[in-house]
Structure formats: structure tokens, C-alpha cells
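**Q** Dropping a structure here in C-alpha cells format, bear with me for questions.
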Amino acid sequence: MTDRTDHLTLNVNLQAFGQRPAAWQFGDHDADTLIRPEHWIASAKAAERGLLDAVFFADQPALHNPDPRPGAQLEPIALAALLTAATEHVGVIASASTTYNDPVELAERLLGTDVVTGGRLGWNIVTTYNPAVSGNFGVDANPDRATRYERAGEFVDAVKTVWAGAAGDGGFRFDGEHFRFEGVTAVPPSAQGTPVLFQAGGSAQGRDLAARHAEGVFAVELTLPRAIENYADLTRRAAALGRRPGLPRITPGLSLVIGSTVEEARRRFDDFESRVPDSYALGSLSNVIAHDARTLDLDAPIPADILDKPWNPDEHPTSAGYRLTFLDWIQERRQQTVREILRDFGGYGARIVIGTPEQIADDMELWFRSRAADGFNLMIDHFPDGLVAFADEVAPLLQRKGIHKREYDHTTLREVIGAGTAG
Ligand SMILES: Cc1cc2nc3c(=O)[nH]c(=O)nc-3n(C[C@H](O)[C@H](O)[C@H](O)COP(=O)(O)O)c2cc1C
């Protein structure tokens, strides 16, 4: 463990009703909850009360299938404008795909939103692997990972070219393999210059993209040793490119279920999970083991040949980083039955901690001081109450440990996360 003088970078992933698949069955939700501004504003205000850096939105450019659960949410850039108007400090990080956007159009949309939010916008750069997306754009399949990342690298260069134009006389010109354009923008730089850049995607190509451009990374880490290794790897890649020490800020997803006692937290978790059919978690497990988990015997371990078989990423698209950390995690569970694995797999892709505020704060401190993480992208079981519990009960403990800010002393997101000047 090392001494650190910096503070945690804390964002919260605002996932519809909450991260638990059955979250929609709790609270006072109805069919219009997700299109009601108050629903989102309540969570953004709770985030601000907990002095979080930003609220975070994933975005799949696909039509949502409401069959497993309701969850279609409003578009993140629209929500960014709404939520920054209703709060004073907390930033908004909006995911947008480099595979299914146009760089000039997206650059202007992001910069314009950053201007009206007073410099509180972040862009999470994603390349989209969800097979449901391609049909939405009239193509048979998503491009393969290599092609997506090649385009992503050029896409971000192209966006930065437009932003550099905005900071100068408005003119910009780009001449690449994928994109060629020339024009003038009337959008001025924002209060923080340009939106803060985040990135999600843990393959070698994803890390290179993050090392080159990102001020923050949304990572997936399930075990501490692998997280420490990956943290060091990304830090090395960024240093080799001459990036400022301390960037990018690495924030793995962390799923939380908070109770005032261990038993209460466990009961809360069980209450959520007992309403979820096995098929839901099995679908999630299938993605990461690259095998249809519904064919497995629930009362036997996952057969070794399934875990050990070589993975073809273009046949079974998932995140390479997520798959590796999952395979580490499952090593210790090879004797467990599929049913037991599903129970412990409750983070649905994120590491999960079910416990008291003290246990959660200690866990976060361990990861932070071990340099496994600079902070977290929090996954909250149910909004807004789970986030209010974090703000009121966990955040003060983190402050007492000296690893969480005691006030917002800056207004722009770039300053709040300590990302320095753009670039
Ligand atoms: C934690 C995490 C969050 C992601 N969020 C999104 C998202 O919101 N929208 C999207 O289209 N793709 C998202 N992706 C997909 C990635 O951009 C990328 O296409 C995928 O992870 C495969 O690349 P990888 O092997 O480098 O991880 C996400 C991936 C990860 C790991």
C-alpha cells in the first residue's frame, strides 16, 4: 500500500432504476419514471450531496428490448443539459460511440453541450460491440474489434481537430483514412476548454486509446492482483506517450449494496435477486464465458473445457478486459456450482460489495491505496435511495480516511477530477 495525497475520482453510473435487474419493481416507479426529469434530478442531487465528481451514462445506439425489464432511458447528452441545470457542481459523462457517429457532428454537439453546462461535460469514448446495434444502422454486423479501434483512434483525432479549430479562428481541416473534412465551427471553447475524455474497453487496443487520449477510464476489474497489474500497465502506456503523471484516472465499476448491518445488506441483496429469473444472470454469464450458459447444469461446476477453450472475439463479442478478469475470478470458484457462481456474480460485470458503510469504505480505501484504482464508477442497486445512502453513510467515512474531498473547490469537471488542461 502506498501513501496518496490525491482524492478518489468518484462517478456514479446512472442506470435506469438502479443496477439490480429487479430495481424497477421497488420504489414508486411507474411506466413514465424514466422520462420524468425528477427521477434523474433526484439522483444527480444525491450525487452532488455525496461530492461525487460526475454522474455517468452508458449508451447503446440500439433500440431497447423491453422484454427482460424496462430500462430505455433518455439520451445522455440531453440528460447532461437537464442535470447540470438542476445542480451546481457535479459533472455529467455521456458515452457516445465512435463506430456509429460522425466526428464533426459529434464534436460540435459535445462542445456545444459543454459550453451550455459551464464546462461540466465528459465524453466516454466507446466502440460498441453489442450485436443488437448494427441492425439499427442497416448493416449486417458491427465491424471487428481491430477495425473499430482503428476508426476510434482516427475519430478522436478528428474530434480534437474540430475542437482545436474552435479554440482558434473556427476553421478546421482533417485528412485521414476514414475521415476527410474541412470547415468552420461557430461553437466557442467551453469553460473547461473541451469536454473531459473518458474511455471504456480493456483490450490492448482499448488501453492504447485510453493511454493516448483519456483523462479517465471506466475499467472492469474483479480481482485485486489483476487490477494492480492492469493499473500499472495503463500507467506505463500513458507515461510512454508523455502524458502527465496521474492520468488517466482509472475507475473500475463497483457494484454496492449498503445495509446498516451485514445481515441487512444481505437481505436487501436477496430481496432484489429473488425476483430475477435465472435466465437473466445466465444471459450475462453466457456473454463472458462465450458459451450458452442456459445449457449448463445449474447444480454442477462449469465444465473445465468451456472455461479453457480459446476465445474468438469476433464470434463471441465481449470486452477482452472483462473476460480476462472474469477468468481470474472464476479460478477460485472452479468447484462451485453454476447456481453458486450466479449468486456471487451479482455485480453483472462489476465487482460487488454487499455490506456496511464501514466495510465498503475500507474496501475502497484498500483498492485506492494499492493503486488498483484511482476511484470507482459506482453501480447503485436502486435510485435514488441507494445513492443517498452512499452520500450520507459511506462518503463521510471516506472523508475521515482523507481520500475523499470535503467540498467542491472548482466548478469545471476537468478541475474537479484534477485532469489539468486539455491534452
Ligand atoms: C465497462 C465498459 C463499458 C462500456 N460501455 C459501453 C457503452 O456505454 N456503449 C457502447 O456502445 N459500448 C460500451 N462498451 C464497449 C466498448 O467500447 C468496446 O467496444 C468493447 O468493450 C470491446 O472492446 P475491449 O475488448 O477493448 O473491451 C463498454 C465496455 C466496457 C468494458
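The values are calculated or read from the model by the stated rules, or taken from the named source; none is laboratory data. Bear in mind that the values here come from a model prediction, so they are computed numbers and not experimental data. Quick reminder, even Gly has a Cβ in these numbers, built from the backbone with ideal geometry, and neighbours come from all protein chains shown. The accessibility values were calculated without ligands, DNA or RNA, using every heavy atom of the protein model including side chains. Shrake-Rupley method; radii C 1.70, N 1.55, O 1.52, S 1.80 Å.
**Q** Counting just the residues of the stretch 311-332 that are farther than 19 Å from Asp292 by Cβ and without any contact (Cβ under 8 Å) to a residue 24 or more places away in the chain, which one comes out nearest to the ligand (Cβ to nearest atom)? Walk me through how you get there before you give the answer.
**A** If we filter the stretch 311-332 for residues that are farther than 19 Å from Asp292 by Cβ, which is where we start, we get 320-321, 324-325, 328-329, 331-332.
Next, only the ones that are without any contact (Cβ under 8 Å) to a residue 24 or more places away in the chain stay: 331-332.
Values: Gln331: 20, Glu332: 22 Å.
Among those residues, the one meeting the criterion is Gln331.
**Q** Related question: For the stretch 89-119, give me each residue that is farther than 22 Å from Glu182 by Cα, in contact with a strand residue (DSSP E or B) (Cβ under 6 Å, 6 or more places away or on another chain) and open to solvent by 20 Å² or more (accessible area, probe 1.4 Å).
**A** Result: Val115, single match.
**Q** Another question about this same structure. Cβ-Cβ below 6 Å, separation at least six or inter-chain, first residue in the stretch 41-66 and farther than 16 Å from Ala94 by Cα, second at pLDDT 95 or above and of a type in the set (Ser, Thr, Tyr): which pairs?
**A** Final answer for the pair search is Glu48/Thr87.
**Q** Looking at (1) open to solvent by 50 Å² or more (accessible area, probe 1.4 Å); (2) touching a residue at least 24 places away in the same chain (Cβ under 8 Å), which is the only condition Leu224 fails?
**A** (1)
**Q** Is at least one residue of the stretch 19-33 modelled with pLDDT of 95 or more, in a helix (DSSP H, G or I) and surrounded by fewer than 21 Cβ atoms within 10 Å (Cβ to Cβ)?
**A** No, the stretch 19-33 has no match at all.
**Q** I'd like the full set of residues that are in a loop (DSSP other than H, G, I, E, B), within 13 Å of the ligand (Cβ to nearest atom) and surrounded by 22 or more Cβ atoms within 10 Å (Cβ to Cβ), limited to the stretch 185-203. Break it down stepwise before answering.
**A** Quick first cut of the stretch 185-203, residues in a loop (DSSP other than H, G, I, E, B) only: 185-189, 191-192, 194-195, 201-203.
Okay, now just the ones that are also within 13 Å of the ligand (Cβ to nearest atom), so 201-203.
Answer for the stretch 185-203, where residues must be in a loop (DSSP other than H, G, I, E, B), within 13 Å of the ligand (Cβ to nearest atom) and surrounded by 22 or more Cβ atoms within 10 Å (Cβ to Cβ): Gly201, Gly202.
**Q** Mind listing just one residue for me: the one in the stretch 204-218 that is assigned to a helix (DSSP H, G or I) and within 17 Å of the chain's Cα centre (by Cα) and, of those, nearest to the ligand (Cβ to nearest atom)? Talk me through it step by step, then tell me what you get.
**A** As a first pass, look at the stretch 204-218 and keep what is assigned to a helix (DSSP H, G or I): 204-213.
Going one step further and asking which of them are within 17 Å of the chain's Cα centre (by Cα), we end up with 206-207, 209-211, 213.
Values: Gly206: 3, Arg207: 8, Leu209: 8, Ala210: 9, Ala211: 13, His213: 13 Å.
That would be Gly206.
**Q** Could you look through the stretch 333-343, keep only residues that are part of a helix (DSSP H, G or I) and in contact with a helix residue (DSSP H, G or I) (Cβ under 9 Å, 6 or more places away or on another chain), and pick out the one that is farthest from the ligand (Cβ to nearest atom)?
**A** The initial filter retains those residues of the stretch 333-343 that are part of a helix (DSSP H, G or I), namely 338-343.
Next, from what is left, pick out any that are in contact with a helix residue (DSSP H, G or I) (Cβ under 9 Å, 6 or more places away or on another chain): 338-339, 341-343.
Details: Val338: 24, Arg339: 26, Ile341: 20, Leu342: 20, Arg343: 22 Å.
If we take residues in the stretch 333-343 being part of a helix (DSSP H, G or I) and in contact with a helix residue (DSSP H, G or I) (Cβ under 9 Å, 6 or more places away or on another chain), then Arg339 is farthest from the ligand (Cβ to nearest atom).
**Q** Among the numbered criteria (1) more than 20 Å from Ala419 (Cα to Cα); (2) within 12 Å of the ligand (Cβ to nearest atom); (3) at pLDDT 95 or above, which one does Asn124 miss?
**A** Against the list (1) more than 20 Å from Ala419 (Cα to Cα); (2) within 12 Å of the ligand (Cβ to nearest atom); (3) at pLDDT 95 or above, Asn124 comes up short only on (1).
**Q** Might you let me know whether the stretch 76-91 holds any residue that is farther than 26 Å from Glu407 by Cβ and part of a loop (DSSP other than H, G, I, E, B)? So that I can check it myself, show each step before the final result.
**A** Initially, the stretch 76-91 is screened for residues farther than 26 Å from Glu407 by Cβ, giving 76-78.
Still in the list and also part of a loop (DSSP other than H, G, I, E, B): none.
Checked against the condition, which is being farther than 26 Å from Glu407 by Cβ and part of a loop (DSSP other than H, G, I, E, B), the stretch 76-91 yields no hits at all.
**Q** Mind checking whether some residue in the stretch 129-137 is surrounded by 19 or more Cβ atoms within 10 Å (Cβ to Cβ), in contact (Cβ under 8 Å) with a residue 40 or more places away in the chain, within 27 Å of the chain's Cα centre (by Cα) and outside any loop (DSSP other than H, G, I, E, B)?
**A** Restricting attention to the stretch 129-137, the residues satisfying the condition of being surrounded by 19 or more Cβ atoms within 10 Å (Cβ to Cβ) are 129, 133.
Narrowing further to those that are in contact (Cβ under 8 Å) with a residue 40 or more places away in the chain: 129, 133.
Still in the list and also within 27 Å of the chain's Cα centre (by Cα): 129, 133.
This time we only want the ones that are outside any loop (DSSP other than H, G, I, E, B), so: none.
Checked against the condition, which is being surrounded by 19 or more Cβ atoms within 10 Å (Cβ to Cβ), in contact (Cβ under 8 Å) with a residue 40 or more places away in the chain, within 27 Å of the chain's Cα centre (by Cα) and outside any loop (DSSP other than H, G, I, E, B), the stretch 129-137 yields no hits at all.
**Q** A further question follows. Under 8 Å between Cβ atoms, which residue pairs at least 6 apart in sequence (or on different chains) link something in the stretch 263-291 that is under 19 Å from Ile380 (Cβ atoms) with a partner that is part of a helix (DSSP H, G or I)?
**A** Phe272/Ala23; Glu273/Arg343; Arg275/Gln25; Ala281/Leu342
**Q** Of the residues that sit in the stretch 40-71 and are assigned to a loop (DSSP other than H, G, I, E, B) and open to solvent by 60 Å² or more (accessible area, probe 1.4 Å), which one is nearest to the ligand (Cβ to nearest atom)? Don't jump to the end; show me each part of the working.
**A** Restricting attention to the stretch 40-71, the residues satisfying the condition of being assigned to a loop (DSSP other than H, G, I, E, B) are 50-53, 58-71.
Imposing the further condition that a residue be open to solvent by 60 Å² or more (accessible area, probe 1.4 Å) reduces the set to 60, 63-69.
On the way: Gln60: 5, Leu63: 14, His64: 13, Asn65: 15, Pro66: 18, Asp67: 20, Pro68: 18, Arg69: 17 Å.
Selected residue: Gln60.
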